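Everything below concerns the one structure shown next.
The values are calculated or read from the model by the stated rules, or taken from the named source; none is laboratory data. Everything numeric in this text was worked out from a predicted model, so none of it was measured. Remember, those area values only see protein heavy atoms, side chains included, never the ligands or the DNA or RNA. Shrake-Rupley method; radii C 1.70, N 1.55, O 1.52, S 1.80 Å.
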Amino acid sequence: MKDKTSPEGNPKDEDSGGCRAFRKLTDWQIDQYRMAVDENKWYMGERLQRHVDWEEAEKDFLVNGYYGCAPKWRKQFCAVRCSHFISCDLGKGFCS
């Protein structure tokens, strides 16, 4: 009998209807998050006329801006970056 689990012990994505590019998606979202916090750090420093450390910028980003980014990033990844999009009902659902 074939093993239907991934190396992480989770059901294989294609069998469960989940994201077939989940690892790429999460890595890409982490990069987007870090860039967004870095950008927020720069803008905060300009606005406050002082050095802003990463932790302060991250806290501000989480309080004031993060929640609108997640759906935008998911839509952008699925529609533009994912090689499975053409045959992915899950991705198309995020983009409609």
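Of all residues in the range 57-96 being hydroxyl-bearing (Ser, Thr, Tyr) and open to solvent by 90 Å² or more (accessible area, probe 1.4 Å), which is farthest from residue 27 (Cα to Cα)? Looking at the filtered set, the residue picked out is 96.
Residue by residue, here is whether (1) at pLDDT below 95; (2) not polar (S, T, N, Q) holds:
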position: 11; (1), (2): yes, yes
position: 16; (1), (2): yes, no
position: 22; (1), (2): yes, yes
position: 34; (1), (2): no, yes
position: 44; (1), (2): no, yes
position: 49; (1), (2): no, no
position: 54; (1), (2): no, yes
